[in-house]
Amino acid sequence: MSQKILIMDFGGQYNQLIARRVRECNVYCEIKSYRMTVEEIKAYDPMGIIFTGGPNSVYLETSPHVDPAVFELGIPILGICYGCQLMAHTLGGLVTEAQEDSAREYGKTQTFFDTTCKLFKGIPAEGITWMSHGDYMAKVPEGFSLVGRTDACPNVAIADESRGFYGVQYHPEVNHTQHGTDMIRNFLYEVCGAKGEWTMGDFCAKAVANLKETIGPEGRVLLALSGGVDSSVLAALLAEAVGNRLTCVFVDHGCMRKNEGDEVEAAFSKWNVNFVRVNAEERFLSKLKGVEDPQRKRQIIGAEFGYVFLDEAVKFGITKSDFFAQGTIYPDVIESGEGEAAVIKSHHNKLLPREVIEQFKAVLEPLDHLFKDEIRLLGKELGLPDYLVYRQPFPGPGLAIRILGEVTKEKLDTLREADWIFREEIGKHECRKDCSQYFAVLTNAKSVGVMGDGRTYENTLVLRSVTTSDFMTAEWTRIPYEVLDRVSVRIVNEVPHINRIAYDITSKPPATVEWE
Ligand code: XMP
């Protein structure tokens with residue numbers, strides 16, 4: 001049996017977090033659709049399965065279900081929230097809509113555990129869990145015992161230890177659940193027999209060997225390099241695999257931050273790799289003219305990026321044995337709608353035109369199963385300098401998705417200056433260690449102000465900073481008032497056309513990091 005965990009996706013909002021927690025426990029996992037057949041599951045050969053939460057009610061015919069044969073495979077299963085109810089429903093229990101308000105549970109809830117159960121081994125018998133369920137298990141299936149309860153509900157955790165089946169109605173993957181990761185770790189190590197073999201050193205060696213094999217002794221690779229963490233780490237990985245058969249192409253679409261193009265060029269010229277810079281500002285801005293819708297902007301930039309890249313590749317003399325590489329990471333894939341959950345936003349690297357892709361032998365995306373903090377660990381493993389590994393992320397579509405409404409050169413220049421001041425001031429203050437990503441957003445809201453003796457009617461700028469390690473959930477950063485004050489005064493004084501500054505105090509969820 002393999003050392004992989006299969007996470008079956010029923011559309012829950014915390015599914016990526018489940019995967020994060022499993023990886024944190026040094027166990028490899030992948031999120032796959034609940035539509036996977038039993039035959040496909042057998043072929044995948046996981047050592048354990050996790051059923052995620054989901055927005056549906058399991059007793060409705062239209063809700064996602066599983067083939068009951070999945071319970072006959074002899075593979076341990078942990079059901080979380082909807083996944084727990086699905087297990088109960090499929091194995092002969094009864095799940096109903098909670099009749100009394102007291103049986104519905106949302107938010108932090110005091111919970112009591114049976115610590116003789118493997119799932120709760122070594123954790124305190126009482127603690128807080130994060131609940132979010134409106135349905136109730138009126139009857140648990142035969143063979144299951146009750147191993148967790150709250151005051152309102154006698155069966156928030158159930159187990160059939162002889163078959164390795166566990167179900168919890170709360171979310172152990174969410175930070176609000178005390179010892180939640182320990183419970184997941186117990187499932188992995190105590191129940192599934194994990195050995196903890198998933199480490200970055202191991203991933204790195206395997207990824208380099210795979211790339212060597214796929215690319216072959218002659219193949220060349222063109223890498224779409226933005227200078228951000230993901231594509232820089234990929235550059236290092238590819239350089240390790242194919243040496244100077246790698247060429248990094250940096251497309252400057254004109255929506256970069258102040259000095260960014262030059263900084264990327266300087267960083268990579270210090271490094272012994274083939275580097276090509278393409279200045280394509282006009283091409284992008286003319287395509288973006290008059291466009292206001294965020295998804296449309298993303299699509300245009302994604303597609304144009306592909307065409308510019310292709311033109312460069314033709315100049316370079318690509319052949320059908322050459323490869324195109326890009327630093328797509330796991331959240332890009334999932335948030336772009338390849339899972340069961342709703343499309344949040346289409347990441348630019350998922351929007352390449354087919355006719356561009358077809359010019360290459362294949363597209364290489366070897367990081368597309370890693371999370372942001374894993375990418376950084378890999379960067380360290382490959383010996384990348386800290387100034388590349390710890391750069392704050394910058395989205396592929398750049399400032400175009402930080403300007404609400406139409407993107408113009410004037411607005412870009414305004415935003416570039418304001419964003420620069422914000423970054424400069426944060427960089428000087430010790431609070432920068434809490435600011436995982438910080439930037440300015442130019443809104444399309446105008447407001448009245450007074451400067452000198454005159455009335456102004458100018459733009460509103462929003463400052464955004466988040467504290468996070470994985471960028472899938474994030475807290476807004478508590479930047480000291482004196483820093484915010486200095487930034488505000490400087491921007492209004494130094495940058496024309498801005499007369500009002502707001503600070504964004506929403507976390508993710510419910511907001512996202514970027515505004516568009
Ligand atoms: P959101 O806004 O989805 O962002 O909370 C999460 C992280 O992803 C970055 N982001 C992108 N990165 N291409 C990228 O390479 C994109 O299209 C894109 N959209 C968002 C965002 O900056 C944050 O770090």
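For segment 362-513, the per residue solvent-accessible surface stands at 44 Å², with DNA, RNA and ligands left out and a 1.4 Å probe. Look at the alpha carbon pairs under 8 Å that are at least 6 residues apart: their mean separation over the length of segment 393-499 gives a relative contact order of 26 percent.
Based on Cα contacts under 8 Å between residues 6+ apart, segment 19-87 shows a relative contact order of 35 percent. Sorted on the mean count of surrounding Cβ atoms within 10 Å across their residues, most packed first, peptides 478-486, 439-447 read 439-447, 478-486. Counting every pair of alpha carbons in the chain, the share spaced more than 29 Å apart comes to 57 percent. The stretch between SER162 and GLU263, if pulled fully straight at 0.36 nm per residue, gains 30.4 nm over its current Cα-Cα span. Accessible surface for segment 49-194, divided over its residues, is 41 Å² per residue with a 1.4 Å probe. Taking the 1.4 Å solvent-accessible surface of the chain as the whole, the part contributed by carbon and sulfur is 49%.
Membrane-span-like helices in the chain, defined purely by DSSP H runs whose alpha carbon atoms cover 30 Å or more axially and whose average Kyte-Doolittle hydropathy reaches -0.5, are 294-316. Both radii were evaluated on the Cα set of segment 247-359; the Rg over Rh quotient, with Rh as the Kirkwood radius, amounts to 0.98. Segment 408-437 and segment 359-403 have their alpha-carbon centroids 20 Å apart. Here the sum of -39500 (n - 2.57) over DSSP H runs of 4 or more residues, divided by the residues of the chain, equals -9500 deg cm²/dmol at 222 nm, to the nearest 500. Relative contact order, whole percent, for the chain stands at 11, derived from Cα pairs under 8 Å and 6 or more residues apart. With both residues required to sit in the chain, DSSP beta bridges show an antiparallel share near 50%. In sequence order, segment 502-515 has phi-based couplings of 10, 10, 7, 10, 10, 8, 10, x, x, 7, 10, 5, 7, 7 Hz under the Karplus curve 6.51 cos²θ - 1.76 cosθ + 1.60, θ = phi - 60°, and Gly or Pro positions carry x. Per residue, segment 250-332 exposes 44 Å² of solvent-accessible protein surface, assessed with a 1.4 angstrom probe and all protein chains in place. Of all lysines in the structure, the ones whose alpha carbon falls short of 18 Å from that of LYS287, not counting any fewer than 8 places away in one chain, are LYS297, LYS409, LYS411. Local charge for PHE284 was computed over the other residues whose Cβ lies under 11 Å away, with Lys and Arg +1 and Asp and Glu -1, and equals +1. Taking the Cα centre of segment 29-149 as reference, the dipole from Cβ charges on Lys and Arg (+1) and Asp and Glu (-1) amounts to some 320 debye.
Scaled against 2.2 N^0.38 Å for its residue count N, the alpha carbon radius of gyration of segment 312-440 is 1.27.
Centroid-to-centroid, using Cα positions, segment 293-335 and segment 99-162 are 47 Å apart. Which of the three applies to segment 103-198, rounded, prolate or oblate, going by the alpha-carbon gyration tensor with a ≥ b ≥ c and a/c under 1.5 meaning rounded? Oblate, since a/c reaches 1.5 and b/c is not below a/b.
Projecting the Cα atoms of LEU60, LEU364, ASN155 onto the charge dipole of the chain (Cβ charges, centred on the Cα centre) puts LEU364 farthest toward the positive pole. Structure note, pairs LYS206/LYS433; LYS108/LYS508; LYS289/LYS372: Cα-Cα distances above 24 angstrom occur for LYS206/LYS433; LYS289/LYS372. When a/c reaches 1.5 or more, the comparison of a/b and b/c decides; with that in mind, is segment 1-122 rounded, prolate or oblate per its Cα gyration tensor? In terms of gyration-tensor shape, oblate.
Charge tally for CYS204 (other residues, Cβ to Cβ under 14 Å; Lys, Arg +1; Asp, Glu -1): -1.
Each Lys and Arg Cβ is given +1 and each Asp and Glu Cβ -1; about its Cα centre, the chain then shows a dipole of about 840 debye.
The values are calculated or read from the model by the stated rules, or taken from the named source; none is laboratory data. All figures in this text were calculated on a predicted structure; none of them were measured in a lab. As a convention, Cβ positions derive from the backbone with ideal geometry for all residues, glycine included, and neighbour counts pool all protein chains shown. Protein only, heavy atoms only, side chains kept; ligands, DNA and RNA dropped before computing areas. Shrake-Rupley method; radii C 1.70, N 1.55, O 1.52, S 1.80 Å.
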